[in-house]
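The values are calculated or read from the model by the stated rules, or taken from the named source; none is laboratory data. Because the structure is a prediction, the values reported are computed rather than measured. Glycine gets a Cβ as well: all are built from the backbone with ideal geometry, and neighbour counts include every protein chain shown.
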Amino acid sequence: MPIDRCVCRQIPFEELRDIAADESLGFEALLDTTGCGSSCGLCVPYIQAMLATGRTTFPVMSPRELERMCKGAHTPEPKPDPASSSVPRSAPSSTSKQS
Ligand code: FES
């Protein structure tokens with residue numbers, strides 16, 4: 001059974017996403033405004049994941065999996081490591097040997 005709403009408040013994540021976007025609400029403000037998360041709290045990590053990813057339907061996931069999903073959503077592109085950049089070095093100058 002997919003997770004797609006705060007069951008206690010009967011508010012679908014899709015509606016929560018729209019409320020957050022329309023009212024420019026962050027996580028805490030969204031919970032305060034809607035009352036989601038104030039009963040059993042099971043929806044809280046899913047709402048965080050929804051805000052991080054834009055997804056509104058989730059399989060049942062462990063808190064660790066949800067945390068990983070949130071971190072993945074915000075992980076910036078890795079920057080190239082200057083130490084490992086392969087700047088071509090100039091080849092040693094070859095001196096022409098005369099025979
Ligand atoms: S499912 Fe949202 S508070 Fe219970």
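Annotations
- So CYS40, is it surrounded by fewer than 15 Cβ atoms within 10 Å (Cβ to Cβ) and within 14 Å of the ligand (Cβ to nearest atom): yes
- The stretch 31-64, subset under 25 Å from ALA21 (Cα atoms), assigned to a helix (DSSP H, G or I) and not hydrophobic (A, V, I, L, M, F, W, C), residue modelled with the lowest pLDDT: PRO63
- Pairing each residue of the stretch 23-47 that is within 21 Å of VAL60 (Cα to Cα) with any residue that is of a type in the set (Ser, Thr, Tyr), provided the two are 6+ apart or on different chains, yields C-beta distances under 8 Å for LEU31/SER38.
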